[in-house]
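What follows is a set of notes on a single structure, which appears directly below.
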Amino acid sequence: MSDTNKTFIGQAEFYFCPTVTTKAAADLAGYRRYRDVSASKITNSAKFVEHYSTTRGIRVKDQNYVSEALIGYEFTLDEFNREAMRTIFMGSDTTNLLQTTESTANGDSLAFNVTPSDPTRWYQICKSGVPIVECTVVTVATLTENVDFELDLRLGLIRFITTQSAARVPVYTCATITSASATYMYGITPLTNVMQAGMGRVVWWNDNNANKKQLDHTGFSCQLSLNAMGSVSSDKFADYSINCVITSLPGVVYTSVV
């Protein structure tokens, strides 16, 4: 009979410390944890150089030489934390979204005297070129909301229902955005960190055996890159997958399998 204690159904945890090159440095700097790993698998591949001997015109393969071997992991995750967004956009941190409270302040003039407004377009309300968001009130002199224009207050957008051929100045009131605000958002510049390098750790937990630690792969150097991003829809949770390719330091795999 099979040993059911050696069957495996469970979940993975992935820890990553960017930029460092040794396990000691990673242990000291601390690891970022990728949460809610819904699926994981080991990926491996090898390239071979084949050798053939020939005897009286018959070629017989007598050797395979391994010229390249790769091993790594693929993770599917469905928690979109800050670390996830850096990986998805292959980017690095930039200035975060902050805003000070303003009441009945003049925004930048919309130069419809140069190019008339287009009723099919939404225009961003700005102050000195900086977009204004999370508005509470927006008015435009001599015009009436929902007759001459409509608003998206959260995004700070305005669409003119009637074509405007004179310059218009939105007058807005907006809320404060600080790091403690529910509307606070982190800034990421895409494509500035296409391949993240560092040190990793992978742990597999066996839910079929009293939450036993089935595998603990630690001390390996690796590179991370986005594999695929699932669609965002209203009828299922979005997810994404990343590739983790082990590089020069393979680390050590500890396993409970006998």
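The values are calculated or read from the model by the stated rules, or taken from the named source; none is laboratory data. None of the values given here were measured: they were computed from a predicted structure. Heads up, the Cβs are rebuilt from the backbone with ideal geometry, glycines too, and the neighbour counts pull from every protein chain shown.
Check Gly219, Gly230, Gly198 and return the single one that is at pLDDT below 95, in the same structural domain as Asp27 (by TED's automatic domain parsing) and in contact with a strand residue (DSSP E or B) (Cβ under 7 Å, 6 or more places away or on another chain).
Only one candidate qualifies: Gly230.
In the list Leu98, Leu77, which residue meets the criterion of being within 30 Å of Arg33 (Cβ to Cβ) and exposed (fewer than 15 other Cβ atoms within 10 Å of the Cβ)?
Among Leu98, Leu77, only Leu98 is within 30 Å of Arg33 (Cβ to Cβ) and exposed (fewer than 15 other Cβ atoms within 10 Å of the Cβ).
Which of (1) under 36 Å from the mean Cα position of the chain (by Cα); (2) over 30 Å from Gly230 (Cα atoms); (3) exposed (fewer than 13 other Cβ atoms within 10 Å of the Cβ) does Arg121 not meet, given it meets every other one?
Of everything listed in (1) under 36 Å from the mean Cα position of the chain (by Cα); (2) over 30 Å from Gly230 (Cα atoms); (3) exposed (fewer than 13 other Cβ atoms within 10 Å of the Cβ), Arg121 misses just condition (2).
Could you check, for the range 217-225, whether at least one of its residues is surrounded by 13 or more Cβ atoms within 10 Å (Cβ to Cβ) and in a loop (DSSP other than H, G, I, E, B)?
Scanning the range 217-225 turns up no residue that is surrounded by 13 or more Cβ atoms within 10 Å (Cβ to Cβ) and in a loop (DSSP other than H, G, I, E, B).
Given the options Thr76, Thr94, Thr101, Thr55, name the one that is more than 17 Å from the chain's Cα centre (by Cα) and at pLDDT 90 or above.
That would be Thr101, the only listed residue that is more than 17 Å from the chain's Cα centre (by Cα) and at pLDDT 90 or above.
Of all residues in the range 178-199, count the ones that are in contact with a helix residue (DSSP H, G or I) (Cβ under 9 Å, 6 or more places away or on another chain) and either surrounded by fewer than 13 Cβ atoms within 10 Å (Cβ to Cβ) or small (Gly, Ala, Ser) (or both).
1
When the residues of the range 1-52 are filtered to those that are outside any strand (DSSP E or B) and among the charged types (D, E, K, R), which remaining residue is nearest to Ser67 (Cα to Cα)?
In this case the residue turns out to be Lys23.
If we scan the range 132-150, do we find a residue that is loosely packed, with under 15 Cβ neighbours inside 10 Å, within 30 Å of Gly91 (Cα to Cα) and of a type outside the set (A, V, I, L, M)?
Taking every residue of the range 132-150 in turn, none turns out to be loosely packed, with under 15 Cβ neighbours inside 10 Å, within 30 Å of Gly91 (Cα to Cα) and of a type outside the set (A, V, I, L, M).
Among the strands (runs of 3 or more DSSP E) confined wholly to the range 133-203, which include 1 or more residues that are among the charged types (D, E, K, R) and more than 30 Å from Ala25 (Cα to Cα)?
149-152, 157-160
Taking the options Ala39, Ala29, Ala12, name whichever one is over 20 Å from the mean Cα position of the chain (by Cα), modelled with pLDDT of 85 or more and among the small types (Gly, Ala, Ser).
From the options Ala39, Ala29, Ala12, the qualifying one is Ala29.
Being in a helix (DSSP H, G or I) and farther than 18 Å from Val232 by Cα is the filter here; which residues of the range 63-94 pass it?
Glu83, the sole residue that qualifies.
Suppose we keep only residues that are closer than 16 Å to Ser221 by Cβ and of a type outside the set (A, V, I, L, M) within the range 233-258. Which one would you say is surrounded by the most Cβ atoms within 10 Å (Cβ to Cβ)?
Once the filter is applied, the top-ranked residue is Cys244.
Under 8 Å between Cβ atoms, at least 6 apart or on separate chains: pull out the pairs that start in the range 172-189 with a residue that is under 13 Å from Val133 (Cα atoms) and end on any residue that is surrounded by 14 or more Cβ atoms within 10 Å (Cβ to Cβ) and among the charged types (D, E, K, R).
Filtered contacts from the range 172-189: Tyr172/Glu102; Thr173/Glu102; Cys174/Glu102; Cys174/Glu134; Ala175/Glu134; Ile177/Glu134; Thr183/Glu134.
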